[in-house]
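Step one of this worksheet: look at the structure below.
Bear in mind that the values in this text are calculations on the coordinates, not laboratory data. Here the structure is a predicted model, which is why all the values come from computation and not from measurement. All Cβ positions, glycine included, derive from the backbone under ideal geometry; neighbour counts span all protein chains shown.
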Amino acid sequence: MSKSIGNYVGITEAPVETFGKMMSIPDELMWSYYELVTDRTPGSIAELKKEVNSGQLHPMDAKMRLAEEVVSGFHGGEAGRKAAENFQRVFRDRQAPEEAPVQKIATGPAKKLTSLLLELKLAPSKSEAERLIKQKGVEINGATVEDPRMEMDLNKPGEFLIRAGKKKFVRLIVE
């Protein structure tokens, strides 16, 4: 792992972040992590590896166990369980996370969605926001947005769950 190339897993990071980073490691490296970061015995790891090699256990399921064990080891069992449930919900079931970050804005005139995505830090630029919309990668309350010229009506209070890409979510509260 190396911080300079961005493939490290920080033990003080949020449980959900740690879990996601553990899930992104290559399958063949997960065995080193089992040995170095968990309390499993070499025999237990060998048995798990045998189950994966024989097809009894899918590598993703073995990696999910690893990620949950690592998060539990540093943040407690409840945090590990919640991080696993969140990963299942967002990445496998393609649903919104239980707890999306909340951002509040004041009521006002309609605003172009590309500008709003930039303001909410869901896209690094307006052109990237437009690309995401054109590729059907933006949803508002579960409905896919297809028009990059769309404007959000912000003249009355309301709440919107906005997804940009596969894993960026914000619960926008207009007040």
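Apply the Karplus parameterisation 6.51 cos²θ - 1.76 cosθ + 1.60, with θ equal to phi minus 60°, to every residue of the range 21-38 and state each ³J(HN,Hα) to the nearest whole Hz, in sequence, with x for glycine and proline.
Per-residue couplings from phi come out as 5, 5, 6, 8, 6, x, 3, 5, 7, 4, 5, 5, 5, 4, 5, 8, 10, 10 Hz.
Got a sec to turn the phi values of the range 60-65 into Karplus ³J(HN,Hα) couplings, 6.51 cos²θ - 1.76 cosθ + 1.60 with θ = phi - 60°, whole Hz, x for Gly and Pro?
Residue by residue, the range 60-65 yields 5, 5, 5, 5, 5, 4 Hz.
Pairing the Cα long axis of helix 77-87 with the longest principal axis of the chain, what angle in degrees results, from 0 to 90 and rounded to the nearest 10?
Taking the Cα atoms of the chain, the angle to 77-87 is about 60 degrees.
What translational D, rounded to a whole number of µm²/s, comes out for the range 78-175 from Stokes-Einstein when the hydrodynamic radius is the Kirkwood one over Cα pairs, at 20 °C and 1.002 mPa s?
Values: Rh = 14.0 Å.
In µm²/s, the coefficient rounds to 154.
Tell me, Met64, Met150, Met30 in order of fewest to most beta-carbon neighbours within 10 Å?
On the way: Met64 19, Met150 15, Met30 22.
So the ranking, lowest neighbour count to highest, is Met150, Met64, Met30.
Roughly how far apart, in whole Å, are the Cα centres of the range 24-65 and the range 120-175?
When both Cα centres are located, 38 Å separates them.
For n ≥ 4 DSSP H runs only, could you compute -39500 (n - 2.57) per run for the chain, divide by its residues and tell me the 222 nm figure to the nearest 500?
Numbers: 7 runs with 74 residues, N = 175.
Here the helix-only value at 222 nm equals -12500 deg cm²/dmol.
Using a Gaussian network model of the chain whose springs link C-alpha atoms within less than 10 Å, name the residue from Gln56, Gln135, Gln88 with the highest mean-square fluctuation.
Residue with maximal mean-square fluctuation among Gln56, Gln135, Gln88: Gln56.
I'd like the GluC sites (Glu not before Pro) in the range 39-133 restricted to DSSP loop residues with at most 16 other Cβ atoms within 10 Å, sorted by number. Mind showing how you got there, number by number?
Numbers: sites: Glu47, Glu51, Glu68, Glu69, Glu78, Glu85, Glu98, Glu99, Glu119, Glu128, Glu130; in loops: Glu98, Glu99.
Those satisfying the criteria are Glu98, Glu99.
HN-Hα J couplings of the range 123-137 from phi, Karplus 6.51/-1.76/1.60, θ = phi - 60°, integer Hz, Gly and Pro as x?
Using θ = phi - 60°, the values come out as 8, x, 7, 5, 5, 5, 4, 5, 4, 4, 5, 4, 8, 6, x Hz.
Extending each Cα 7 Å along its Cβ direction at Lys167 and Leu36, get the distance between those two points in nm, one decimal.
If labels sit at Lys167 and Leu36, their model points lie 2.0 nm apart.
What ranking do Tyr8, Tyr33 get, fewest neighbouring Cβ atoms within 10 angstrom at the top? Please list the in-between numbers first.
Working: Tyr8 12, Tyr33 18.
The fewest-first ordering by Cβ neighbours comes to Tyr8, Tyr33.
Skipping prolines and chain starts, which residues have an amide H placed within reach, meaning under 5 Å, of the one on Leu154, given they are 5 or more residues away or on another chain?
Distant-sequence amide H within range of Leu154: Gly108, Ala110, Lys111.
Which of the lysines could be linked to Lys134 by a straight reach, that is with a Cα gap under 20 Å, when you skip same-chain ones fewer than 8 residues away?
Leaving aside lysines fewer than 8 places away in the same chain, those within reach of Lys134 are Lys111, Lys112, Lys121, Lys126, Lys166, Lys167, Lys168.
If one takes the longest principal axis of the Cα atoms in the chain, at what angle in degrees, from 0 to 90 and to the nearest 10, does the Cα axis of helix 42-54 lie?
Orientation of helix 42-54: about 70 degrees from the principal axis.
Provide, in order from the shortest bin, the percent of all Cα-Cα pairs of the chain in each 10 Å bin, continuing until the bin that contains the maximum pair distance.
Over the chain, the share of Cα pairs per 10 Å bin runs 9, 30, 28, 20, 11, 3, 0 percent.
So between Asp153 and Gln88, what do we pick up on full extension, going 0.36 nm a residue minus the alpha carbon distance?
Values: separation 65, 0.36 × 65 = 23.40 nm, distance 3.26 nm.
So the chain would gain 20.1 nm between Asp153 and Gln88.
Compute the distance in nm between two label points, each set 7 Å from the Cα along the Cα-to-Cβ direction, one at Phe160 and one at Arg81.
For Phe160 paired with Arg81, the spin-label model returns 3.6 nm.
For the chain, what is the relative contact order in percent, using Cα pairs closer than 8 Å and at least 6 residues apart in sequence? If you can, show how the numbers build up before the last one.
On the way: 237 pairs, mean separation 31.3, N = 175.
For the chain, the relative contact order is 18 percent.
Toward the positive end of the charge dipole of the chain, about the Cα centre and with charges on Cβ (Lys, Arg +1; Asp, Glu -1), which of Leu117, Pro42, Val170 goes farthest?
Leu117
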